[in-house]
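Read the structure below first, then the notes.
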Amino acid sequence: MTERKKSEANLRDSQSQYQELVEWSPVGLSVQQHGRIVYVNPAAVRLWGAVSADELVGTPIEARFHPLFRASALERIRAIIENGIHASLRQSRFLKLDGRAIDVETQGMPIQYRGEAAIQISFQDISARMQAENTLRESEARFRTLTQLSSDWYWEQDENFRFIMLSGQVAGSTGLTSQEHLGKTRWELPTLNLSEADWERHREVIHAHQEFRDFEIRRPDTNGLMRWASVSGAPMFDVKGVFRGYRGIGRDISAQKQAADQIHRLAFYDALTSLPNRRLLLDRLKKALQTNARHHMCGALLFIDLDNFKTLNDTLGHDVGDVLLQQVAARLVSCVRETDTVARLGGDEFVLVLEDLDEDELNAASQADVVGQKILTALNVPYQLAGREHRSSPSIGITLFGSPIQGVDDLLKQADLAMYQAKAAGRNTLRFFDVGMQSEVDSRVALESDLRDGLQGGEELLLHFQPILGIHGRVTGAEALVRWQQPRRGLVMPDEFIPLAETTGLILPLGRWVLRAACEQLALWARRPETAHLTLAVNVSARELREPGFVSQVKETLKRAEATPNRLRLELTESVLADRVEDIIVKMTELKALGVGFSLDDFGTGYSSLSYLKRLPLDLLKIDRSFVRDVLSDPNDAAIARTIIALGQSLGLSVVAEGVETEAQRAFLALNGCFAYQGYLFGRPMPIAQFEAFMTKLG
């Protein structure tokens, strides 16, 4: 076969394949010459709604274009003929033979058909796509209308939870514009009601790609007003299931919140004074009873009634009386802690709930008395009412609560009865429900007043000295113990006034007096050869040691007394180690460098741990008297005593046994390695003259 024949054969094959492709193509294909259709493929027959090609061939092409698109389509066909180039006829609209319209996408190109110039037009039905696009546009229009006209807004975030789009009333609801949101996560924007823990819980939800609903956010708007928004969202995924971010809606709920707050205030607060009303008082009191019982703490309930309030109302009118009640409410709030409750029960009656006062009932009563006295003072200050000065006073009843839990109604009755006792006692005073408690509180108040007077000049205070002896019976030092010689009470022992001093803060001036007196005694001993070797131990409370100026105070006292620092030993109890240990170690180290010694008193009864013990710059451990007392009869006490002695030896510390009362106890301690003793076997605490006579007697 010649090359020409081969070429002709290949051409026929190609034409045959092309014709087959055209016949089976889903795209409509038509050819027109001189404005009439001369060829259509099966797809075109189907799309134009014909039964066969014969119904279309020979008809004008313009009849197939919708009137709205006919002129523009024919113009493009003429351009293809004139320019001889392929061109898109773009989106158009055809008419089927039955007159129905279909949306199509068309293309045209010049070709040769049966030896003459022709135009080939290909087209596909895009009616379904156009309908979908129209539906989408309508949906978007509806969405835009809804978001613009409602208080809701739409938002989207990317996969890093940063805002990428917001639509609707965003600024009016959140206080921030859409632009201020873009590129930021929700937690990077200012909020007033959410903690870091709240945000962490929210992040757990969205990192798990879970839906969330009604997430409430509070923000100030540009005018400083509080705005509340409720936000709900759902994760977005692409067709492959890959997470693409979040979208959702937000809603302005400021009005609902304000309404809820208003309802809450009307239900639980007094309209005149804005204090909690009876309903909220009972709820808080019930919770306070449960909390205090659980923590083994005592609280107090104060019932306050204004004296002669009815007379004021009758003479000056209820409006003036209301002003007085408002001023009284403000003064009461100023007298208590933020955690306490001040409520108006009704009329001129007020109730205070003081929580977590103290574990000890007497201490709690003392604190309640302090608050009561403060209220008496505050409410006795003159008031300005209707342009004139008015004086008013309260009668106050107090009852304590703690464990076991008492009934709310019973407590109110007790406080009310105590208030009437205050009225009966002449008004403008306070009374406790428990007569015995009232007596104890009165005694405690009187004792505190006397102690303050005694500390003014220090003339009523004196030191007693209890000797500390070594293994050979020689006095090596003493412990300084304060006594109070009160003119009316006589000699008051530490157990009676030291706890009071600690709870009232008087332990600080008392401690300063003891340290000064001890240093002055050390200076006197240093001038005499027979006493120059003595050390003097001074007890230091946790409150003193935690004072910022404690170190400088000790240095200054030693300097003024001209006392030798290495003869002074500060005794700490284990309770000192319950808090701020690092600060205590720093202070001890600074004083240790000066030469001051340290001993740990009552060892084995409190908070010591070996990790702290080895870090403290101690010189001496004291075995508590509770272990020494039964050391011969109780194997446990004997084992503890041996352990403390061994521990002291291993840490290079001296060990002193307190409370040694018999020779047998001393012998046991000596046998086990303890060679210093303090107790009634050798001598009780005694005045300085008696102590020095005791030393002389021992030689």
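The values are calculated or read from the model by the stated rules, or taken from the named source; none is laboratory data. If you're wondering where the values come from, they're calculated on a predicted model, not measured in any experiment. Glycine gets a Cβ as well: all are built from the backbone with ideal geometry, and neighbour counts include every protein chain shown. What goes into the accessible areas is simple: the full protein's heavy atoms, side chains included, and nothing from ligands, DNA or RNA. Shrake-Rupley method; radii C 1.70, N 1.55, O 1.52, S 1.80 Å.
Counting other Cβ atoms within 10 Å, keep those with at most 14, restrict to DSSP loop, and tell me which trypsin sites (Lys or Arg not before Pro) in segment 400-454 are left. Numbers along the way, then the final one.
On the way: sites: Lys413, Lys423, Arg427, Arg431, Arg444, Arg452; in loops: Arg427.
Hits after loop and neighbour filter: Arg427.
What do you get for trypsin sites (Lys or Arg not before Pro) in segment 615-699 restricted to DSSP loop and a cutoff of at most 11 other Cβ within 10 Å of the site's Cβ? Could you put the intermediate results ahead of the total?
Working: sites: Arg615, Lys622, Arg625, Arg629, Arg642, Arg666, Lys697; in loops: Arg615.
Answer in residue order: no site qualifies.
Please calculate how many Å² of accessible area the chain carries per residue, with a 1.4 Å probe and no DNA, RNA or ligand atoms counted. Could you put the intermediate results ahead of the total?
Numbers: 36500 Å² over 699 residues.
For the chain, the per-residue accessible area is 52 Å².
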Exercise. According to a simple spin-label model (label point 7 Å from Cα along Cα-to-Cβ), what is the distance in nm between Ala693 and Gln256?
Worked result: 8.8
Problem set entry | Global form of the chain, assessed from the alpha-carbon gyration tensor, a/c cut-off 1.5 | prolate
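With both bridge residues required to lie in the chain, what share of the DSSP beta bridges run antiparallel, to the nearest 5%?
The antiparallel proportion sits near 75 percent.
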Exercise. Relative contact order of the chain: what whole-number percent is it, with Cα pairs under 8 angstrom and at least 6 residues apart?
Worked result: 6
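About the Cα centre of the chain, how large is the charge dipole given +1 on each Lys and Arg Cβ and -1 on each Asp and Glu Cβ? Please answer in debye to the nearest 20. Let's see the in-between values first.
On the way: 80 positive and 92 negative charges, 359 e Å.
For the chain, the charge dipole is close to 1720 debye.
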Seminar exercise, completed: Computed over all unlike Cα pairs, the Kirkwood hydrodynamic radius of segment 244-304 in Å stands at 15.1
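If you roll a 1.4 angstrom probe over the protein chains with everything in place, what fraction of the accessible area of the chain belongs to carbon and sulfur, to the nearest %? Provide the component values of the computation, followed by the final result.
Working: 18780 of 36500 Å².
Accessible surface attributable to carbon and sulfur in the chain totals 51 percent.
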Seminar exercise, completed: The Rg/Rh figure for segment 541-662, Cα atoms and Kirkwood Rh, to two decimals is 1.01
For this session: Could you list the residues of segment 641-683 with an amide nitrogen less than 17 Å from a label point located 7 Å from the Cα of Asp634 in the Cα-to-C-beta direction?
Result: 641-645, 657-662, 665-666, 669
For this session: Scan the chain and hand back the longest stretch that contains none of the GluC sites (Glu not before Pro) lying in DSSP loops with at most 16 other Cβ atoms within 10 Å.
Result: 1-158
For this session: Could you tell me what % of all Cα pairs in segment 638-685 have separations over 14 Å?
Result: 46
